[in-house]
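First up is the structure itself, then whatever we jot down about it.
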Amino acid sequence: MIKIAIVDDDESVCRQIYQYLMEYDIAYMTEIKIYTFVTCEKIIDTLEAGKIYELIFLDIEFPKMNGIELSRYLRNVQRNIKTQIVFISAKDSYAMELFSVQPFDFLVKPIEYDSIYTIMNKYIDYYHKSNVLFTYTYENSKHQISVDSIIYIKSKGKQLVIHTDNNDISIYQKLSDVLSEQLKSRFIVIRRGVAVNIDHIVMSDYERIILSDKTEFKISRRSQSDVRRRLSYDIGGEK
């Protein structure tokens, strides 16, 4: 069951997106459950109570707490990098402000079914890919871990250190081989010998990134343009 939240102070917009999502669910049998909120404060109450949403359609403009502030709360306070956010606005001038919270996509009002259809197809593809397992060899035995649990990978001498949310795993393999074989679509090289999981980035600017475990890396000058281009591409591009 995929839990989706719609957050917009215009109830007609909430109803419209709800209807489009229900039509998509009926057509593709995706098994979704939808919740609607008319203020950011209301959904924060549920988040603080332990509620988790896989996907949030989030308006930006609100009379009080706005959508960007809510997204920063989600990423920086709750350290939640798994919930994907689709921002909604009547204008398309927010790209730079949204960059640091890594949105999944962006919708400009008025919203049409085709836009919801495209985003949901993209999200379902992402949802399945996020449950992929990474296979590695340790002490002559094959092991598997969830790609989603890997925060970053770092070269250390002849070894690679795979840093997860539970522990560090050391393997004898080249970073370039690991990325090209299994992890290329979800990882980005930010400096020589360091690749980070895009889904674990909670803050980024031109010179540094902060990950979900509070690890901070400087982005090398050589990689800055490539990193910015890759992260920007994921906003509204292919995941």
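What follows draws every value from the coordinates through simple rules; no lab data is involved. Everything quoted here is computed from the prediction, not taken from an experiment. Note: ideal-geometry Cβ built from the backbone for every residue, glycine included; neighbour counts use all protein chains shown.
Quick rundown of the values:
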{"quantity": "Computed magnitude of the charge dipole of the chain (debye, nearest 20; Cβ of K, R +1, Cβ of D, E -1)", "calculated": "1360"}
{"quantity": "Debye, to nearest 20: dipole size of the stretch 133-231, +1 on Lys, Arg Cβ, -1 on Asp, Glu Cβ", "calculated": "560"}
{"quantity": "Over the chain: helical MRE at 222 nm, DSSP H runs n ≥ 4 each giving -39500 (n - 2.57), nearest 500", "calculated": "-9000 deg cm²/dmol"}
{"quantity": "Share, in percent, of DSSP beta bridges within the chain that are antiparallel, nearest 5", "calculated": "60"}
{"quantity": "Cross-link pairs Lys129/Lys158; Lys154/Lys174; Lys51/Lys184; Lys129/Lys184 - those with Cα-Cα distance over 21 Å", "calculated": "Lys129/Lys158; Lys51/Lys184"}
{"quantity": "Ranked Lys156, Lys218, criterion: other C-beta atoms within 10 Å, fewest first", "calculated": "Lys156, Lys218"}
{"quantity": "Rule-of-thumb Rg ratio for the stretch 120-239 [Cα; 2.2 N^0.38 Å; N residues]", "calculated": "1.05"}
{"quantity": "Where labels lie 7 Å past Cα in the beta-carbon direction, separation of Ser130 and Ala90 in nm", "calculated": "3.1"}
{"quantity": "For the stretch 2-129, fraction of C-alpha pairs farther apart than 23 Å, in %", "calculated": "25"}
{"quantity": "Distance in nm between pseudo-label sites at Ile26 and Lys184 (7 Å out along the Cβ direction from Cα)", "calculated": "4.2"}
{"quantity": "Set of aspartates and glutamates near Lys122 by C-alpha distance (under 13 Å), chain-local residues within fewer than 8 positions excluded", "calculated": "Asp105, Asp114, Asp234, Glu238"}
{"quantity": "DSSP beta bridges in the stretch 48-141 [antiparallel fraction, %, rounded to 5]", "calculated": "10"}
{"quantity": "Among Asn197, Tyr152, Thr137 - extreme Cα towards positive end, dipole of the chain, charges at beta-carbon", "calculated": "Thr137"}
{"quantity": "Calculated Cα extents along the principal axes in Å (choose from (1) 49, 42, 30; (2) 66, 57, 29; (3) 58, 38, 33), label", "calculated": "(3)"}
{"quantity": "Fewest-first sequence of Thr36, Thr215, Thr135 by Cβ atoms within 10 Å of each Cβ", "calculated": "Thr135, Thr215, Thr36"}
